[in-house]
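Beneath this line is the structure, given in structure tokens, with notes to follow.
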Amino acid sequence: MKCNQCGAPATLRCSRCKTVSYCGASCQKANWKSHKKACKAAAAMAELATLSNNKVKKIDDARRELEEARAMVERLKAEAEEAKVKLEIEKKESEELDGKVKEASNNVDKAMDAAPEYGDKEYWDRAYKDKNRYVTGNDDTYDWYFNDYDRMHPLFSSVFGGSGPQTTLVDVGCGNSPLLSNLLSSGVIDKGIGLDISPSVISQCRSQLPPSSPLTFHHHDLTSPLPPSISPPSSLQGAVDKGTLDAILSGGTDAEKSTSALNDATFVILNVLSLLKAGGKFLIFTNLPPAMALSFFTSVNKDVVCVAAFDPNGSDPVKPGSGLSDSSDTQTTSRVKTVDGREITASKNIHVYKLTKGTESTQANTRAQIEALKSLHASTVSTLKTIKDDGALGSTVTLARESLSQAKSSTGYDSLSSSVDAAAHQLAESVKQEMEGSKAAQEIADEV
């Protein structure tokens, strides 16, 4: 490089324009007048170039960001469209599911309408008037838990065979069962009494009796005492129930009906026991879970034993002890639906319980027990109705407590404490459901 002033070798450059060089400061000053305009122009051009480059870069950056934004918008539009499609599909599926739920609900309602109301007393007379409903093959007889008497003969013979001369047995809820005829022809009993709440089936049974038969059939509801004209108290050696108690208990489809069903079942057991002599045996076939059945039966009668368990679809002979060696049997349960569609647990096997009547002194208060239970039933139902009608707990708290106190002080309550407590707990649960969150309702529940 040469000095722009003297032409000598240059070591310095104009710091502003950076286009000319000088050998020293003196030459730069001397040359400034002639270089000044060119320096300013060159510096301006350089600055303009720099600004232009920066602007171009910013424009490029802005253009790139714009393209990215546009791409993001397109992507969001695509995602929104996809979400919209999914929403439409989900909406359609939801509508289809709602339709299926409604259809299922309607089917349940239809099934409910068609479901046998075993707990309804009028159901049985309607059912037996239809002579094709409860029959076995070409035979016009039917038994709920077994249709092969020969299979059950060892059990009946063992339980009732040694009851002494003139053994008389009552079939509770006999229906059109041939059990009494089979017991008579096999020599297990000498006389038999069939009781049922359906006058139609009683007429059918009577029409098939041969002359001078030792069997008699009577229309009667055993939630009430049996008239002495049919059988005096403490006169029979045995009794059998093949599902009547199960039918009664299946009618407990709400708090009020559950209380009625529980008490009706208790009334039946007590009334049957009142017909038996001391030591008489009441054989009950049931599909209730074993723990529930044993608890209920022992609350009514102290001497209760599970004597057998059997598969109703099996064929092995049933005798005392059958089916009880399998410890898993008590846990073998299935889910079944009640009349109102609720699922409850029922035993897959049929269990047979033997209730043995105690001495006359231990049974003297049977009628008092029934009356005490009826009193409790009436008071609990009345309290439930008051709560439902008034929608307030003010006066019903006192009524509920008084009814519980009165029931607990009634004659014979102690021997029925479990069943009475069960009815009382029904009251407590109903009060809590009707008035959820009420402190007074909780107090009643705690007191019970």
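The values are calculated or read from the model by the stated rules, or taken from the named source; none is laboratory data. Note that the structure is predicted; figures quoted are calculated from it, not measured. Here the Cβ is made from the backbone with ideal geometry for all residues, glycine too, and neighbour counts use every protein chain on show. Areas reflect the complete protein model, heavy atoms only, side chains present, ligands, DNA and RNA absent. Shrake-Rupley method; radii C 1.70, N 1.55, O 1.52, S 1.80 Å.
To keep it simple, each residue is scored yes or no on (1) modelled with pLDDT of 85 or more; (2) surrounded by 11 or more Cβ atoms within 10 Å (Cβ to Cβ).
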residue: Pro9; (1), (2): yes, no
residue: Cys14; (1), (2): yes, yes
residue: Lys18; (1), (2): no, yes
residue: Ser21; (1), (2): yes, yes
residue: Cys27; (1), (2): yes, yes
residue: Asn31; (1), (2): yes, yes
residue: Cys39; (1), (2): yes, yes
residue: Ala42; (1), (2): no, yes
residue: Met45; (1), (2): no, yes
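Here's a check for you: in segment 259-292, which residue that is at pLDDT 90 or above and more than 21 Å from Ile197 (Cβ to Cβ) is most open to solvent (accessible area, probe 1.4 Å)?
Of everything passing the filter in segment 259-292, Lys277 is most open to solvent (accessible area, probe 1.4 Å).
Out of curiosity, is Ser213 open to solvent by 20 Å² or more (accessible area, probe 1.4 Å) and either under 17 Å from Asp130 (Cβ atoms) or of a type in the set (Asp, Glu) (or both)?
no
Does segment 171-201 hold any residues that are touching a Pro at 6+ places or on another chain (Cβ under 8 Å) and under 23 Å from Ser224 (Cα atoms), and which are they?
Hits for segment 171-201 are Lys191, Gly192.
Out of everything in segment 90-140 that is at pLDDT 75 or above and of a type in the set (A, V, I, L, M, F, W, C), what residue ends up being most open to solvent (accessible area, probe 1.4 Å)?
Among residues in segment 90-140 that are at pLDDT 75 or above and of a type in the set (A, V, I, L, M, F, W, C), the one most open to solvent (accessible area, probe 1.4 Å) is Leu97.
Take the conditions closer than 24 Å to Ser224 by Cβ and in a loop (DSSP other than H, G, I, E, B) and apply them to Leu288. Does it pass?
So Leu288 fits the description; yes.
Looking only at segment 168-223, count how many residues are in contact (Cβ under 8 Å) with a residue 60 or more places away in the chain and either closer than 15 Å to Tyr142 by Cα or not acidic (Asp, Glu) (or both).
15
Quick check: anything in segment 161-173 at pLDDT below 90, in a loop (DSSP other than H, G, I, E, B) and crowded, with 19+ Cβ neighbours inside 10 Å?
Within segment 161-173, one or more residues are at pLDDT below 90, in a loop (DSSP other than H, G, I, E, B) and crowded, with 19+ Cβ neighbours inside 10 Å.
Of the numbered conditions (1) surrounded by fewer than 18 Cβ atoms within 10 Å (Cβ to Cβ); (2) over 15 Å from Gly243 (Cβ atoms); (3) touching a residue at least 24 places away in the same chain (Cβ under 8 Å), Pro312 fails exactly one; give the number of that condition.
(2)
Taking Leu180, is it open to solvent by less than 40 Å² (accessible area, probe 1.4 Å) and closer than 16 Å to Pro317 by Cα?
The answer is no for Leu180.
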